[in-house]
1. So, in the range 59-86, of the ones that are surrounded by fewer than 20 Cβ atoms within 10 Å (Cβ to Cβ) and small (G, A, S), which residue ends up modelled with the lowest pLDDT?
2. Looking at the range 130-151 only, could you name the residues that are without any contact (Cβ under 8 Å) to a residue 60 or more places away in the chain, more than 12 Å from V104 (Cα to Cα) and assigned to a loop (DSSP other than H, G, I, E, B)?
3. From the list D209, D224, exactly one residue is among the acidic types (D, E), assigned to a helix (DSSP H, G or I) and within 30 Å of I72 (Cα to Cα). Which is it?
4. Among the numbered criteria (1) buried (at least 21 other Cβ atoms within 10 Å of the Cβ); (2) assigned to a loop (DSSP other than H, G, I, E, B); (3) out of contact with any Ser or Thr (no Cβ under 6 Å at 6 or more places or on another chain); (4) not acidic (D, E), which single criterion is violated by P198?
5. Could you tell me whether the range 59-70 includes any residue that is in a loop (DSSP other than H, G, I, E, B) and either under 19 Å from L187 (Cβ atoms) or of a type in the set (F, W, Y) (or both)?
6. Please identify the pairs in which a residue from the range 153-181 that is under 23 Å from M243 (Cα atoms) has its Cβ atom under 8 Å from the Cβ atom of a residue that is part of a loop (DSSP other than H, G, I, E, B) and of a type in the set (F, W, Y), counting only partners at least 6 apart or on another chain.
7. Among the residues of the range 78-110, write down those that are closer than 21 Å to P170 by Cβ and either of a type in the set (G, A, S) or touching a Lys or Arg at 6+ places or on another chain (Cβ under 6 Å) (or both).
8. Considering each residue of the range 210-228, count those that are in contact (Cβ under 8 Å) with a residue 60 or more places away in the chain and open to solvent by 40 Å² or more (accessible area, probe 1.4 Å), and give that number.
Amino acid sequence: MERPAWAPRSIDISVPSVSRMYDYYLGGSHNFEVDRQAARRAMEFMPGLPKIMQANRAFMRRAVRFAVAGGITQFLDIGSGIPTFGNVHEAAQAAAPDARVMYVDHDPVAVAHSQAVLEGNDGAGILAADLRKPREILNSPELLRLIDLNRPVALLLVAILHFVEDADDPYAAVAELREALAPGSMLVLSHASYDGIPLPPERAGGAVDVYRNIRNPLIMRTRDEIARFFEGYDMVEPGLVPMPQWRPDTAPEDEDPYAFSGFAGVGRTA
């Protein structure tokens, strides 16, 4: 398999990557055949996966605009993946040209491509780090150069926590990040769940098995389990809801049924 110029030498391009599969679902070009094969296997069980990803991205953009309207111009996007059209810095800087965005990901492809996309943008950066080690993120010179933790920050954990197993205590990581942020900060979160998927759970479970088989388990949590991530935050209306129902731009009933899979919400600290 020929290695394209954007793929770092350090990565194994024969192993599927969750970031590159996500890129494929969104119609991106930064993926390999091994990623496309894994994504297509998952879609055999859950054909609406691209619709879910599109709904997720649309929620993220609405939440970013909401945060800017609420006076927040600093964004910390952990698990940011491979930048695609309409990413956080584009949405934020369109609404507030002085907005600052720090992306964080542990996937070398996501980091390398982000560096290329963000070149020349002094208001955005990328940090190679892992959500499971929040202190490394919070203490990094790259973050502190761009983000003032004494001012409110919108923390984005969009479609990332369902890749963190309970054994790694994602609740503790989210709480540690919350404690480091200034009052008035926001948490923007979306998470996969069997709730809302227009399929029997056993069929949807086939797609979950694909992720387990590529050693990136997809943890499908219940609404109550997802709500626990918002401890210490006041939920913004309409609360924790299916993605198309969070402050929609268009009528939710016009959305594809798969778009209602999982939950999304925004919380704000006092």
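The values are calculated or read from the model by the stated rules, or taken from the named source; none is laboratory data. The structure presented is a predicted model; accordingly, all values stated were derived computationally and were not measured. For neighbour counting, all protein chains shown are included, and Cβ atoms are generated from backbone atoms with ideal geometry for every residue, glycine included. Keep in mind that these areas ignore ligands, DNA and RNA; they rest on the heavy atoms of the full protein, side chains included. Shrake-Rupley method; radii C 1.70, N 1.55, O 1.52, S 1.80 Å.
1. G86
2. N139, L149, N150 - these are the residues of the range 130-151 that are without any contact (Cβ under 8 Å) to a residue 60 or more places away in the chain, more than 12 Å from V104 (Cα to Cα) and assigned to a loop (DSSP other than H, G, I, E, B).
3. After ruling out the rest, the residue left standing is D224.
4. Failing condition for P198: (1).
5. Checked against the condition, which is being in a loop (DSSP other than H, G, I, E, B) and either under 19 Å from L187 (Cβ atoms) or of a type in the set (F, W, Y) (or both), the range 59-70 yields at least one hit.
6. R178/Y233
7. Matches in the range 78-110: G79, S80, G81, A110.
8. 1
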